[in-house]
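Novice: Can you read through this structure? Questions will come right after.
The values are calculated or read from the model by the stated rules, or taken from the named source; none is laboratory data. None of these values were measured; they are calculated from a predicted model. In this analysis, Cβ positions are derived from the backbone assuming ideal geometry, glycine residues included, and neighbour counts consider all displayed protein chains. The accessibility values were calculated without ligands, DNA or RNA, using every heavy atom of the protein model including side chains. Shrake-Rupley method; radii C 1.70, N 1.55, O 1.52, S 1.80 Å.
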Amino acid sequence: MLTIVQILQVLLNVIWWVIVIQFVLSLLVAFNVVNMQSNFVRSLYQGLDRLTEPLYRPIRRILPQTGGIDFAPAVVLIGIAILTIILNNVQASVVMSGV
């Protein structure tokens, strides 16, 4: 059981980093620091978008339209933080019970 919890924690950590990297890259593209004409930047941006879009889509349906600001990544990051707390508590209870 402890191994499953630790694997889930690692996966949540990877998802968190993918979202943060996508956010930073989107800011760099928006402020024209990096150019989307570059094949590497374009493929990285599209790859990160394909990874995160299935997470964002259901949240975007629920959230109201806010113009140019997308709050879906923030909601996903809050969800990941909540899941991490839950997994930490599960891990602590497993360790304390000696299972």
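Novice: Does segment 2-34 hold any residues that are closer than 14 Å to G79 by Cα and surrounded by 13 or more Cβ atoms within 10 Å (Cβ to Cβ), and which are they?
Specialist: Within segment 2-34, L8, Q9, L12, I15, W16, I19 meet the criteria.
Novice: Here are R57, R50, R61: which of them is open to solvent by 90 Å² or more (accessible area, probe 1.4 Å) and either under 18 Å from V14 (Cβ atoms) or β-branched (V, I, T) (or both)?
Specialist: Details: R57 fails: either under 18 Å from V14 (Cβ atoms) or β-branched (V, I, T) (or both); R61 fails: either under 18 Å from V14 (Cβ atoms) or β-branched (V, I, T) (or both).
From the options R57, R50, R61, the qualifying one is R50.
Novice: Since D70 meets every condition but one in (1) assigned to a helix (DSSP H, G or I); (2) touching a residue at least 12 places away in the same chain (Cβ under 8 Å), which condition does it not meet?
Specialist: All conditions pass for D70, except number (1).
Novice: Related question: Please go through segment 35-47 and give me each residue that is open to solvent by 80 Å² or more (accessible area, probe 1.4 Å) and assigned to a loop (DSSP other than H, G, I, E, B), ordered by number.
Specialist: Matches in segment 35-47: N35, Q37.
Novice: Being of a type in the set (A, V, I, L, M) and exposed (fewer than 15 other Cβ atoms within 10 Å of the Cβ) is the filter here, so list the residues in segment 84-93 that pass it. Outline the logic, then answer.
Specialist: Within segment 84-93, the first condition is being of a type in the set (A, V, I, L, M), and the residues that meet it are 85-87, 90, 92.
Answer for segment 84-93, where residues must be of a type in the set (A, V, I, L, M) and exposed (fewer than 15 other Cβ atoms within 10 Å of the Cβ): I85, I86, A92.
Novice: Given the conditions (1) touching a Pro at 6+ places or on another chain (Cβ under 8 Å); (2) within 30 Å of L2 (Cα to Cα), and given that Q22 satisfies all but one, which numbered condition is not satisfied?
Specialist: Evaluating Q22 over (1) touching a Pro at 6+ places or on another chain (Cβ under 8 Å); (2) within 30 Å of L2 (Cα to Cα) leaves (2) as the failure.
Novice: Pairs please, first residue from segment 78-94 and closer than 16 Å to V14 by Cα, second anywhere and open to solvent by 50 Å² or more (accessible area, probe 1.4 Å), Cβ atoms under 6 Å, 6+ apart in sequence or on different chains.
Specialist: Partner pairs satisfying both residue conditions: I80/W16; L87/L8.
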